[in-house]
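Asker: First, the structure itself, so that you have it in front of you.
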Amino acid sequence: MGTGSARPLKMTELKELSRAELDLRLHDWENNLEQIRFQLDSGQLPNTARVRQIRRDIARIRTLIREHDLGIRKPKEVTA
């Protein structure tokens with residue numbers, strides 16, 4: 001995920017992903033948040049609302065991962 005992506009993630013898009021894809025996205029977004037926070041601290045971030053948006057996207061992903069763990073959401077079947 002690039003830091004230029006200003007569009008928030010949609011739950012409908014995330015619900016279609018498998019657990020492995022969600023884990024990968026979570027890792028990417030956490031790294032992205034770290035970069036954005038560094039830019040914020042150094043005064044290079046023009047859109048400070050981006051931090052809040054990324055935190056919410058991370059929460060959405062973690063919610064879906066938790067649903068997978070609890071069995072609320074069935075894992076996406078991988079077609080080979």
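Asker: Return the pair list, or none, for Cβ contacts closer than 7 Å from residues in segment 53-72 that are closer than 14 Å to residue 28 by Cα to residues that are polar (S, T, N, Q), at least 6 apart or on different chains.
Answerer: Sorted first by the residue in segment 53-72, then by its partner, the pairs are 54/32.
Asker: Give me the pairs: first residue in segment 15-42 and outside any loop (DSSP other than H, G, I, E, B), second residue among the aromatic types (Phe, Trp, Tyr) and buried (at least 17 other Cβ atoms within 10 Å of the Cβ), beta-carbon distance under 6 Å, and six or more apart or on different chains, which are they?
Answerer: none
Since every read-out is calculated from the coordinates, none of them should be taken as a lab result. Note that the coordinates shown come from a computational prediction; the quantities given were computed from them, not determined experimentally. Glycine gets a Cβ as well: all are built from the backbone with ideal geometry, and neighbour counts include every protein chain shown.
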